[in-house]
1. Stick to the Cα atoms of the stretch 1-57, pair each with every other, and give me the Kirkwood hydrodynamic radius in Å at one decimal.
2. Give a residue-ordered list of calculated ³J(HN,Hα) values for the stretch 36-51 (Karplus: 6.51 cos²θ - 1.76 cosθ + 1.60, θ = phi - 60°; whole Hz; x for Gly, Pro).
3. Counting pairs of alpha carbon atoms under 8 Å apart in space and at least six apart in sequence, what relative contact order in percent does the stretch 1-55 give?
4. For Arg19, which sequence-distant residues (separation of 5 or more, or a different chain) have an amide H within less than 5 Å of its own amide H, given hydrogens modelled in the peptide plane?
5. Counting C-alpha atoms alone, how compact is the stretch 45-133: give Rg to one decimal and Dmax as a whole number, in angstrom.
6. Under the definition of Cα pairs under 8 Å and six or more residues apart, what whole-number percent is the relative contact order of the stretch 36-182?
7. Take the Cα radius of gyration of the chain and divide it by 2.2 N^0.38 Å, with N its residue count; two decimals is plenty.
8. Suppose a student asked you for the relative contact order of the chain, using Cα pairs under 8 Å spaced at least 6 residues apart; what percent would you report?
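Each reported figure results from applying straightforward, stated rules to the coordinates on display, with no laboratory input. These figures come from a predicted structure and were not determined experimentally.
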Amino acid sequence: MFVVDIDPVIVHLGPIALRWYGLLYVVGIFVGLRVALPYARSIGLDEDTAWAVFGPALICGLLGGRLYYVIQSDLGGYLREPWRILATWEGGMAFFGAVFGATGAIAFVAWRRHLSRETLGKLLDGAALFAAVGQAFGRVGNIINGDVLGPPTALPWGVAYVNAGTFAPQRGVAYHPAAVYELLFNLLLIAVLWALRHRLPRPGLLFVTYLGLYCVGQVLIFFWRNNDVLLLGLRQGQLTALAVLLLCVPLYFFFTTNRTPQVRSTGTGTGTG
C-alpha cells in the first residue's frame, strides 16, 4: 500500500487557494503547445491558422469539460446553487466534454475561415497531440487530489490518502489508483501517436486514432473506477466512450473518401515535431 500525504493546496493567497491541480493544467497546456506547434509546422500547417484556432478551442474545451461534468453528476444540486458551476476547486472536469467543446470550436473556426478538409484534419491532428500530452499532467493533478479512485483494494499498489484536503472518500483506506491507471494509459497513447504522427496517409486520421484509442481505454479503465453503474453494468464514462467510438467510423470515412491519395509533407519544421 502506498500512502499519499500531499496537500492539494500549494499556498493560500488570502481567499484564493493555489492548487496543484490548476498549476498542472497550466503546465500541461504549455508543454502540449511545445509538442503540437512544431508538429503542426512539420505537416504544413501555418502558425497563424494554428493560433487562430487555439484560443477558441482552449476556452470551449475548458467550458465543455466543466459543463459536461456538471450535467453528468449532480445537475439538480448545481441548478439549485448555480454559482457552484464555476467552483472547479471542488473537483470536476469531464474530459469527454473538453473533447466535444474543443473539437466543435475547431470545426466552427475552420468553417468560418473556409478552410479545406485537409487543413481541418491537420488542425485536429495537432489538437490530438496537444490533448494527449496536456491530459497526462492533468492526471498527475488527479493523483494528488485523490479525486479519480477505484474501489477499496488489498493489492500492494493500492493508494491511501491521509491529507484532509483530498477528495478520497475515507482517510487511510487503500483504493485502486484509477488516476495512475489513466496516467499510464495516457503515456502509452502518447507513444502510439508519436510513432504514427507522420505515418498515416491522410490528415485527420491521427485525431481519429487518438479518439478511438482513448475511448477503448476509458471503457477498460472505468471498470476500476468508483463511479455509479448506469446501464447494462456500465458507467457513464463507458457509455459515452462507446458512443464516441461509433462516431469514429463516419469520421474515418469523412477524412478518407473522395480524395486522391497524398503523401504528407514532412516540411522543414524543427523542435519536437
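1. 14.2 Å
2. 6, 5, x, 5, 4, 5, 5, 9, x, 9, 6, 5, 4, 5, 4, 6
3. Working: 21 pairs, mean separation 8.9, N = 55.
Once normalised by length, the contact order is 16 percent.
4. For Arg19, the qualifying residues are Ile10.
5. Both quantities, over Cα of the stretch 45-133: 15.0, 46 Å.
6. Details: 169 pairs, mean separation 31.2, N = 147.
Here the relative contact order equals 21 percent.
7. Working: Rg = 19.5 Å, N = 273, 2.2 N^0.38 = 18.5 Å.
Output field value: 1.05.
8. 26 percent
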